[in-house]
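To keep things clear, I will list the structure first and then write my remarks on it.
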Amino acid sequence: LQNGSLPNSANANFNSANSFNANANRPMDAQIQRLEEIRKAANRSGKPIPNLNSRPAPEDSTITATLTDFARETRTWKKHPVLLKVEKVHDGGNGSIKVYLRSGKVIDLPGKAIGRLDQIQASAILQLAGVESSSAADARARSKKQP
């Protein structure tokens, strides 16, 4: 090599116009770009973007799970009058559980209080959290009104 130049065969295939291009046609980059376009289009439409990690659960709820330094399961109720969601964190130790009510109140429970979030009923969660469900409160109110 003289003067730091490339051999003639290399110069034929490389020049400043053909230098690295961030938008090169690589299959994975094209897929990522397309997914980003879909996400942006969904945001412009005002519709919520579905979580691809979400699955249906009993009582008109959904379960999602994420894994980072710890595992987090979240069950969210769509129409429950009292219960909004429950988050269970598995951190290698005992873990923790947070019960979120529609009123904005958050109740902490021990990590072992609930076995599987996808199988427990909302009424059992409320009982563990020490919260009276709306149906129990309605029944109690009805019994007070009757002579």
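The values are calculated or read from the model by the stated rules, or taken from the named source; none is laboratory data. All of these numbers come straight from a predicted model, not from anything done at the bench. We place every Cβ from the backbone using ideal geometry, glycine too, and count neighbours over all the protein chains shown. Note: accessible area is taken over every heavy atom of the protein model, side chains too, but ligands, DNA and RNA are not part of it. Shrake-Rupley method; radii C 1.70, N 1.55, O 1.52, S 1.80 Å.
Observations
- Strands (runs of 3 or more DSSP E) wholly inside the stretch 1-114 that include at least 2 residues being charged (D, E, K, R) and at pLDDT 90 or above: 71-77, 83-90
- Checking Gly104, Gly111, Gly92, Gly115 one by one, the residue that is in contact (Cβ under 8 Å) with a residue 12 or more places away in the chain and out of contact with any strand residue (DSSP E or B) (no Cβ under 8 Å at 6 or more places or on another chain) is Gly92 and no other.
- Matching residues in the stretch 72-98 - criterion: being within 15 Å of the chain's Cα centre (by Cα), more than 14 Å from Lys112 (Cα to Cα) and open to solvent by less than 30 Å² (accessible area, probe 1.4 Å): Thr74, Arg75, Trp77
- Taking residues in the stretch 52-77 that are on the phi > 0 side of the Ramachandran plot, and partners anywhere that are surrounded by 17 or more Cβ atoms within 10 Å (Cβ to Cβ) and modelled with pLDDT of 90 or more, the pairs with Cβ atoms closer than 8 Å and at least 6 places apart or on different chains are Glu59/Trp77; Glu59/His80; Glu59/Ala122; Asp60/Trp77; Asp60/His80.
- Qualifying residue in the stretch 133-146 (condition: within 16 Å of Ala65 (Cβ to Cβ), modelled with pLDDT under 90 and not in a helix (DSSP H, G or I)): no
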